[in-house]
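What follows is calculated from the coordinates using simple rules that are stated; it is not laboratory data. If you're wondering where the values come from, they're calculated on a predicted model, not measured in any experiment. Note: ideal-geometry Cβ built from the backbone for every residue, glycine included; neighbour counts use all protein chains shown.
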Amino acid sequence: FGSSPLCNPPATRRGIGCGGVSCAWAMAENSCTEASELLSGTPGPREERVQATSGRGGPGAPGLGPRAAALLVPALLLAALAVARTATQHQRAAAAGRRPGEVIAAYDATAAAYGGGGPFRCTGAAASLAPGRGDGTTWRCAAGACVQAASRCDGAPNCLDGSDERGCRRAAAGAAGAADPAAAAPAPPGSSSSNSASFPLASSWQPPPPTAPTAQGYGCTEPGNHAYREVWRAQGTRFFDSFNYLLNDANSGAAQYLTREEAVRDQVTVAYESYAILRAGPRGRHLKRTSAKVETKSKWTYFLMAAQFNHVPWGCGVWPAFWTHSPDAAWPTGGELDILEYSNDIASRSSFHCGLSNRCQLDPAELRKPGCPQFVDATFNFTGDYQCVTHYPDMIGCAPNRLPLRSGERLAARPFVVAVEWTAAFIKVFRIPAAEAPADLAAGEPRPDGWERWLAAYYPFAASERNRPGSCPEPGRVLKAQRLVMSLGFCGDWASKVWLNSTCANAKGPALPSECVAVDPHNPMGEVPGGPRDCCTAFIYDEYGRYGAEDYLSRNAYFNVSWIKVFQQSGRRLDSRGSLVA
């Protein structure tokens, strides 16, 4: 996660400001506030009008007033004209050769362009939001649905058609109520319970339900037609025997990664018969908290990987990741796939990173097929161009994810299986509730072509090159042989940087800004020259036990994983009916 330009123009930096998070400006602010005023029927202060447009009105938000009833249609037509005019301006800016970080995410003005469905259709283009007040309930439009913004000042699209937080909550609550209950995950050593935290890090919001694809999405993506056999497994009391322990922290964070001997001694990694734990440990060196980062000793080219997680870390200052990288080339030339990655209250998403020599840009047409699941490029700078080349700070890879995105707290609530199929043509990432795990996977004969209903992210390398020659010249070589990595980091050049724009600010750790600051990612952690300490690091280290970090992390910040399995092609293929052929 690279640094991004500060908010521009300065008018977007009202209230508490943006804290260094990129704030795009793609629509005239007066258009947003006019539409907001008419939708609510209440003029009110400027910030309240912006909140109404962004869906932050809450249960007490007023309905349509008499003034709105007479003026709503012409006002929305004017707003649509402003959107179209701004989109044209940004197309011209892109044509003028601006850097990717300067080209604002120009989502289409109509939800139909993304095939969005359901009651939360969005008709807005990108617009800056006024910074919130620590409640984490800013909403934005993506793929025709209202979703929570990654931060409170991020240039995300507004929902201008009256979609609001209340409607999204109701729909999500109904969907959650229909879900099958799942057993609670076992607690890590030294913890009284696994999911007993009372701090509502992300429980103040519920993402909208995903749009149901036609026929569960079958036929929407390229099939692999491969039969697989198991070649590697980590499970049981010898789970960590298959991993190396890495000590480096390239993220300038507050994690002190331990050797295997140290991790076993401090119970940071513990393996039992039916599950293994990797958790936040005690305080380490000054301003560091102990943790672990483990990497498989084996590497593979093309594989199907599946792992069952009973719990994943979440919380303020926590930066967990389950990802792959290549030991055979410098980053990002060897390629990197982030399977799960998030920090603070930011939702998890899959992303892919490659270099200039193995460049690849995905074809949007393959990711937005009518009647199929829609994969929005959910990168944190909202370029929306599906460009997978990574060159910080402007180019941070591609992230074609299916909505809704899930926060770490949501993921931790129920056991799930995450799976990755990497072939010479594509990468698919699946997220499957453990209670729905396919029988073919349990039988050791996985058939991922039948898992489309659980597809969470899709990278169609070969199809993109076929459709747009030169966009992904060597689809089978965008990654070199990969190792699996599981890491639990703290703060650093992501979680620290966005602390100000998360629900963690002034809810955990010292008071901001009187006692701490959200540091620039390139400043050293701890004491900031001429100012107080980094808020995130001060909370995670909790030198004098003032903030309850030990108990908070013990309850929330741990991986509980039953097994990880890797399969490779058996040499036989499947026919169109899924039967083995020679």
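Overview of results
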item	result
L512, L488 arranged by Cβ crowding within 10 Å, fewest neighbours leading	L512, L488
Inter-label distance, nm, simple model (7 Å from Cα along the C-beta direction), A250/R477	2.2
Whole-Hz ³J(HN,Hα) from phi, Karplus 6.51 cos²θ - 1.76 cosθ + 1.60, for the stretch 352-367, glycine and proline x	10, 9, 9, x, 6, 6, 10, 4, 7, 10, 7, 7, x, 4, 6, 10
From phi via Karplus (6.51, -1.76, 1.60), per-residue ³J(HN,Hα) for the stretch 442-454 in Hz, x at Gly/Pro	4, 7, x, 10, x, 10, x, 4, x, 9, 4, 4, 9
Equivalent ellipsoid semi-axes, the stretch 327-451, via Cα gyration tensor eigenvalues times 5, rooted, Å	25, 18, 16
With 5 Å bins from 0: P(r) over the stretch 396-473, alpha-carbon pairs, percent	3, 13, 21, 22, 16, 13, 7, 4, 1
Distant-in-sequence amide H partners of L512 (H built 1.01 Å from N, under 5 Å)	N506
Fewest-first ranking of D345, D249, using other Cβ atoms within 10 Å as the exposure measure	D249, D345
Fewest-first ranking of F539, F490, F430, using other Cβ atoms within 10 Å as the exposure measure	F430, F539, F490
